[in-house]
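Report on the structure given below.
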Amino acid sequence: MTDTVLRSLDEARRGPRPETRGEPAERGEPLMRDLIGDLLRRTRTEQGRTLRDVAEDAQVSLPYLSEIERGRKEASSEVLAAVYRSLGLSLTDVLAELYQSTVLTTPFRTGTGLGDFRRAGATAVPAPAHGAQVMSLAA
């Protein structure tokens, strides 16, 4: 059992297998490092900035920033904050973007029962009305 858990952790750290990259339905839960890396690269390219420019501005090595953007390295919160500032992003901007990019593809619990899930944007299922019930334990 311990071997299975360790193997699962190793697989999660490595990320998706090359044949499943880019297929959200097959990937399962995305890793934060992949989501953050994608956001940083997309923002940088939309701004027309080079990797070198952002790395110098954030005072992060160019190879390290490249690894972060590719989801190969888990950066510390301090490094990420420096990169966000360099790109003109706040933590709120980053969290909002990550929410937007995942909420439309990730099922979430409806709260109506075990295993009840729905996709974001789907019609809400009304929760059953729960009246107060008093149970007598006295015999």
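The values are calculated or read from the model by the stated rules, or taken from the named source; none is laboratory data. Given the structure is predicted, the values throughout are model-derived calculations rather than measurements. Here Cβ is always computed from backbone atoms with ideal geometry, including for glycine, and neighbour counts include all displayed protein chains.
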- Message: Being among the hydrophobic types (A, V, I, L, M, F, W, C), modelled with pLDDT under 50 and exposed (fewer than 12 other Cβ atoms within 10 Å of the Cβ) is the requirement here; does A127 meet it?
- Response: yes
- Cβ pairs under 7 Å, 6+ apart or interchain, first in the range 49-60 and surrounded by 14 or more Cβ atoms within 10 Å (Cβ to Cβ), second not in a helix (DSSP H, G or I), ordered by first then second residue, are A55/S61
